[in-house]
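First comes the structure, then the notes that go with it.
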Amino acid sequence: MPSADLFLQYIVAGMMLGALYTVMALGITFIYSIMKMINWSMGEFYMIGSYLQYIFVIYVLGVKYWYLGVLVSAVSVFILGCILEPVVIRPMFGGFVERRTEYATVVTIALMLALRSAAYVLGGPYQRNPQTNLPRLTLGELTIPGERAVAFAGAIIAIALFYGFLRFTWFGLALRAAAQNRVAIQTAGVNIRRLDQLAFGIGVALAGVAGALLAPVFLVYPTNGAITTMKGFEIIIIAGLGSIPGALLGGLILGLVEALCSVLLSPGFQHAYGFLLVLALLLVRPYGLFGEREREV
Amino acid sequence: MKFLRVLAALLLIALAAGCAGRQGAASPTTAPQATPIPTATTVSMAATSTATAAPTAAPSPTTASKPAPSGEPVRIGVLTPLSPPGDAAAGQLIVRGAELGVKYVNEVMGGVLDGRPIEIVVEDDQGTPEQGVAGYRRLVDEKRVVAVVGQFHSAVNLAVNEIAKDVGVPVFSTQASAKDITAKHYPIAFRTHLIDPIRVEGWLDFIQQQGYTRVALVAEDTDYGIGLIEETKRQIKERGLQVELREFVVDRRSTDLTPQLLQVRDFKPDLVINVAVGQLAYLMVQQAYDIGLFPDTPMLASYDFPVRPEFWKNLGEKGNGLYFIAYYHPRQSLTPIGEWFVKAYEQAYNEPPVYSALSAFGGIVVLAQALNQAGKADPQALIAALENGTFESWYGKVTFPRAEGPYWHQATPSLLILHYTEPQQDWRQAEVVYEYQPSR
C-alpha cells in the first residue's frame with residue numbers, strides 16, 4: 001500500500017495535469033459547438049504554442065519574462081487561427097444550406113500533417129526547452145515543481161477568462177447563440193462566418209496556451225501535442241461533446257483516475273486507464289456525463 | 001451519441017497506431033544539427049589523390065596517396081532512419097559517417113578492387129520494419145548494392161534480416177543493439193555496435209564498483225527497454241550479485257513520468273538507471289530532478305544522448321551529475337583511420353564527431369577492405385571475406401567470426417561511463433568513471 005504522502009502527491013499531480021488537459025478539451029469542444037466540426041489539428045496548435053514560447057523566451061524576452069511569452073504565444077496562435085480558418089476551413093462551408101463538416105474535419109487532418117511536417121522542416125526532430133526561473137515548491141513532504149504549479153495556475157486563469165468572455169461579453173453571447181442555433185443567429189443579423197473565425201481562433205489559442213504553459217514541463221518537439229490532444233478528446237467523450245462545464249469536470253476526473261490507478265494498480269498503464277474509463281462510460285452513458293441524447297433524421 | 005462512438009473508435013485506432021509505431025524502438029544514438037537528406041540519394045566522392053595500386057587492407061592515412069579511382073562504382077546501401085517515427089537525428093549522423101567513409105576509401109585507399117570507386121545509396125527506413133524491408137529490397141533489386149549499412153532501430157534490423165537471409169546481401173548493424181540481430185546466426189547479419197548483454201555487463205560492473213545495492217531500472221516499453229530489464233535480471237542472478245533490482249516500465253509515448261518516478265523515489269534506490277530513448281530520456285532526467293529524486297540519487301543514462309549539443313539547452317543545471325554510457329571519448333586512443341575521420345569530420349561540420357557517425361564510417365571502411373580481400377563485388381564472396389579476415393577500423397582491428405550466441409559476426413567497441421561534474425560541461429571534459437574493454 002502506498003504511503004499517504006505518495007498518495008497525496010499523486011492526487012495533486014493528477015489534478016494539475018487534469019486542469020491543463022481541460023484547457024485542450026475546452027478548445028476542442030468550443031470549436032465543435034460553434035462550427036460543428038472536430039478540429040484534429042489541435043495538437044499542432046499546442047505544438048506551435050510551445051515552439052513560440054521557446055522562441056520568445058530564448059531569443060526575445062529572456063527567462064526572466066517567461067510569463068510574457070505565454071501571453072504572446074496565445075495571442076500569436078489566436079491570430080494564426082483567425083488567418084487559417086478562412087483560408088483552409090471556410091471553403092469547405094461553401095453554401096449555407098449544405099455544410100460539408102466532414103470535409104472540414106478532413107481538412108483539419110491535412111492541416112495537422114502539414115503543420116507537423118513544417119515543424120520538422122523548420123526546427124528538425126530535436127527537443128528544446130524554454131527554461132523558467134521557477135523554484136521547486138516544498139509543502140511538508142510534498143514536492144511540486146514550480147513549472148507545474150504555474151502551469152496549473154495559468155490553466156485556471158485561462159479557463160476563467162474563457163468563461164468570463166463567454167458569459168459577460170457581447171461576442172460571448174453571440175457565440176453561445178451560434179452554438180444553439182446557427183440559422184437563428186443569422187436571422188438576427190450576426191455574421192456567422194466572422195463568428196466561426198473567432199471561435200476557431202479562440203479554440204486554437206486555448207491549445208496554444210496549454211502548449212506554452214507546458215513547454216518547460218514536457219519539452220518542445222514536433223509531436224509534443226499528440227498525447228495532450230488525445231487526453232482532450234478523452235475528456236470530451238467523458239463529459240459529452242459541447243459541454244463546457246462537463247469539460248471542466250471531465251478533466252479533473254481523467255486526471256484523478258489516471259493518478260489513482262497509477263498509484264493503486266501500476267503506473268506503467270497510465271494512459272490505458274483513461275481509455276478504460278472512456279469505454280466504460282460509453283457503455284453506460286454513450287452521450288457522456290453532460291451530453292444530451294440526439295436524434296438525426 | 002453516434003458521433004462520440006465514432007470519436008472513441010478513432011481514438012482507439014490512434015492508440016493502436018501509436019503502439020505499432022513503438023515497435024521501431026531505438027537503440028540509442030546522438031543527434032546532429034538538422035540537415036535535410038533526400039530519401040534515396042547516391043553519393044560518390046571524387047578522388048583527388050594520385051599514386052599506385054589499390055591496397056587489400058586499409059592503409060594508414062599518412063601513407064602515399066593512391067590514384068584516382070575509375071570504372072564502374074561499387075555501391076553500398078545506407079538504410080537508416082531519416083524521418084519520423086524513426087530517429088532521424090541518428091540517421092543523419094550515420095549518413096555523415098558513411099559519406100566520410102566513401103571519401104576515405106576513394107581518396108586515401110584509392111578505391112576498391114583495383115581502383116574502382118565506391119558510392120553509397122541512401123534509403124530512409126523511417127524507423128519502421130515495413131519501410132526497412134521495402135528499402136532493403138530497393139537497394140538490392142534496383143541499386144544493386146553489395147552490402148547494406150546504417151541499421152539503427154533493432155526492430156527494423158530484425159525485420160530486414162529476415163528478408164536478407166534469403167536474398168543474401170549482408171546487413172551491417174551500425175547502432176542496433178538487440179542481441180537477436182546476430183544471435184540468430186544468419187550468414188548476412190553483421191554488427192559493429194555493442195550488444196545489450198555487454199551494456200548490462202558494463203553497468204553491473206559500475207554498480208559493484210560504486211557499492212550500490214538498491215537499483216531502480218526505469219525502462220520504456222520497447223524491445224530495447226524490456227530486453228535490458230530481462231538481461232539485467234538474468235546477469236544479476238548469474239553473477240550472484242547482492243543487488244535489489246526493481247523495474248519500472250513506462251509507456252514510450254508518455255510525457256509525464258511523475259507517477260513512476262514518485263514510486264522510484266518511494267523505493268529509495270542507490271541508483272536509477274534511465275533506459276529511455278529520445279525525448280523520454282530527457283523527460284526522465286528533468287522530472288526526476290523536479291520531484292527531488294535526482295541528483296540526490298545518482299542516475300545512469302543507458303546511452304550517450306548527453307553528448308548531444310542540445311543536452312544542456314534542454315536540461316540546464318538539471319542535467320548536472322548525470323552518469324551516462326558512451327562508446328567513444330576523444331581521449332580514447334584511435335587508429336590512424338580514426339584520427340583521419342576526426343579531423344575530416346571537424347573540418348566538414350565544425351563540431352566534434354560522435355559515435356553514430358564513427359560507427360557508420362567504420363562500417364564503410366571495413367567493407368572496402370573486405371571487398372579487396374574478396375576480390376570481386378559479390379555479396380557471397382564479401383561475406384566469406386568478412387568472416388575470415390581481420391580489418392582495421394577506427395578503434396583497432398576487428399573480426400567477424402562465427403562465434404557463439406549474439407557474438408556471431410560481432411565486432412564490439414568499448415563502453416565507457418562518463419559523469420558530468422559541473423553544469424554546461426563539455427562532454428569531452430566529462431569524468432570517465434568506468435571503461436569496459438570487451439574481451440571478445
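The values are calculated or read from the model by the stated rules, or taken from the named source; none is laboratory data. Note that the structure is predicted; figures quoted are calculated from it, not measured. Cβ placement follows ideal geometry from the backbone for every residue including glycine, while neighbour counts extend to all protein chains displayed. Note: areas computed on protein heavy atoms with side chains; ligands, DNA, RNA excluded. Shrake-Rupley method; radii C 1.70, N 1.55, O 1.52, S 1.80 Å.
Figures for the structure shown
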| quantity | calculated |
| --- | --- |
| Yes/no for residue B:283 being within 20 Å of residue B:427 (Cα to Cα), more than 12 Å from chain A (Cβ to nearest Cβ) and out of contact with any Pro (no Cβ under 9 Å at 6 or more places or on another chain) | no |
| Residues (surrounded by fewer than 20 Cβ atoms within 10 Å (Cβ to Cβ) and either part of a helix (DSSP H, G or I) or without any contact (Cβ under 8 Å) to a residue 12 or more places away in the chain (or both)) located in region A:1-11 | A:1, A:3, A:4, A:5, A:6, A:7, A:8, A:11 |
| Contacts under 7 angstrom Cβ, first residue in region A:154-179 being without any contact (Cβ under 8 Å) to a residue 40 or more places away in the chain, partner loosely packed, with under 15 Cβ neighbours inside 10 Å and part of a helix (DSSP H, G or I), 6 or more apart | A:172/A:165 |
| Subset of region B:80-89 (residues that are touching a residue at least 60 places away in the same chain (Cβ under 8 Å) and touching a strand residue (DSSP E or B) at 6+ places or on another chain (Cβ under 7 Å)) | B:80, B:81, B:86, B:87 |
| Residue B:91 touching a Pro at 6+ places or on another chain (Cβ under 8 Å), closer than 19 Å to residue B:356 by Cβ, surrounded by 24 or more Cβ atoms within 10 Å (Cβ to Cβ) and not assigned by TED's automatic domain parsing to the domain that holds residue B:304 | yes |
| Tally of residues being in a helix (DSSP H, G or I) and either modelled with pLDDT of 90 or more or open to solvent by 50 Å² or more (accessible area, probe 1.4 Å) (or both) across region A:179-194 | 6 |
| Condition check for residue A:149: at pLDDT 85 or above, within 21 Å of the chain's Cα centre (by Cα), assigned to a helix (DSSP H, G or I) and within 12 Å of chain B (Cβ to nearest Cβ) | yes |
| Odd one out for residue B:104, checked against (1) at pLDDT 95 or above; (2) within 19 Å of the chain's Cα centre (by Cα); (3) hydroxyl-bearing (Ser, Thr, Tyr) | (2) |
| Selection count where residues are open to solvent by 70 Å² or more (accessible area, probe 1.4 Å) and either within 10 Å of another protein chain (Cβ to nearest Cβ) or charged (D, E, K, R) (or both), scope region A:108-136 | 3 |
| Residue in region B:238-278 that is surrounded by the fewest Cβ atoms within 10 Å (Cβ to Cβ), counting only those that are without any contact (Cβ under 8 Å) to a residue 12 or more places away in the chain and within 12 Å of chain A (Cβ to nearest Cβ) | B:266 |
| Filter result (in a helix (DSSP H, G or I), surrounded by fewer than 21 Cβ atoms within 10 Å (Cβ to Cβ) and of a type in the set (A, V, I, L, M)) within region A:256-274 | A:256, A:257, A:260, A:264, A:272 |
| Conditions (1) touching a helix residue (DSSP H, G or I) at 6+ places or on another chain (Cβ under 6 Å); (2) within 11 Å of chain A (Cβ to nearest Cβ): number failed by residue B:341 | (2) |
| Flag for residue B:150 being closer than 15 Å to residue B:95 by Cα and not basic (Lys, Arg) | yes |
| Failed item in (1) within 14 Å of chain B (Cβ to nearest Cβ); (2) under 30 Å from residue A:12 (Cβ atoms), with residue A:154 passing the rest | (1) |
| Residue list for region A:143-170, restricted to those being surrounded by 15 or more Cβ atoms within 10 Å (Cβ to Cβ) and over 20 Å from residue A:69 (Cβ atoms) | A:143, A:144, A:163, A:166 |
| Failed criterion for residue B:228 (all others in (1) assigned to a helix (DSSP H, G or I); (2) over 24 Å from residue B:253 (Cβ atoms); (3) touching a residue at least 24 places away in the same chain (Cβ under 8 Å); (4) not hydroxyl-bearing (Ser, Thr, Tyr) hold) | (2) |
| Lone qualifier among A:289, A:252 - being more than 9 Å from chain B (Cβ to nearest Cβ) and part of a helix (DSSP H, G or I) | A:252 |
| Boolean, residue B:77 is away from every other protein chain (no Cβ under 14 Å), touching a residue at least 24 places away in the same chain (Cβ under 8 Å), at positive phi and small (Gly, Ala, Ser) | no |
| Test for residue A:119: is it of a type in the set (Gly, Ala, Ser), in a helix (DSSP H, G or I) and more than 21 Å from residue A:29 (Cβ to Cβ) | yes |
| Cross-chain or 6+ apart pairs with Cβ under 6 Å, region B:93-106 first and under 14 Å from residue B:346 (Cα atoms), then among the hydroxyl-bearing types (Ser, Thr, Tyr) | B:93/B:356 |
| Pair list, Cβ < 9 Å and 6+ apart or interchain, from region B:207-224 residues that are touching a residue at least 40 places away in the same chain (Cβ under 8 Å) and more than 14 Å from chain A (Cβ to nearest Cβ) to residues that are open to solvent by 70 Å² or more (accessible area, probe 1.4 Å) and part of a strand (DSSP E or B) | B:213/B:244; B:214/B:244; B:214/B:246; B:215/B:244; B:215/B:246 |
| The listed residue being open to solvent by 40 Å² or more (accessible area, probe 1.4 Å), hydroxyl-bearing (Ser, Thr, Tyr) and in the same structural domain as residue B:275 (by TED's automatic domain parsing), out of B:222, B:232, B:213 | B:213 |
| Test for residue B:99: is it more than 14 Å from chain A (Cβ to nearest Cβ), more than 20 Å from residue B:145 (Cβ to Cβ), outside any loop (DSSP other than H, G, I, E, B) and open to solvent by 10 Å² or more (accessible area, probe 1.4 Å) | no |
| Options B:351, B:435; residue that is at pLDDT below 90 and under 21 Å from residue B:94 (Cβ atoms) | B:351 |
| Extreme residue, nearest to the other protein chains (Cβ to nearest Cβ), among residues of region B:317-330 that are open to solvent by less than 10 Å² (accessible area, probe 1.4 Å) and either under 18 Å from residue B:275 (Cα atoms) or small (Gly, Ala, Ser) (or both) | B:319 |
| Yes/no for residue B:333 being assigned to a loop (DSSP other than H, G, I, E, B), under 28 Å from residue B:398 (Cα atoms) and either open to solvent by 10 Å² or more (accessible area, probe 1.4 Å) or away from chain A (no Cβ under 11 Å) (or both) | yes |
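Table: residues versus (1) in a helix (DSSP H, G or I); (2) aromatic (Phe, Trp, Tyr); (3) in contact (Cβ under 8 Å) with a residue 12 or more places away in the chain.
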position	(1), (2), (3)
A:54	yes, yes, yes
A:64	yes, no, yes
A:72	yes, no, yes
A:79	yes, no, yes
A:85	yes, no, yes
A:89	yes, no, yes
A:103	yes, yes, no
A:108	yes, no, yes
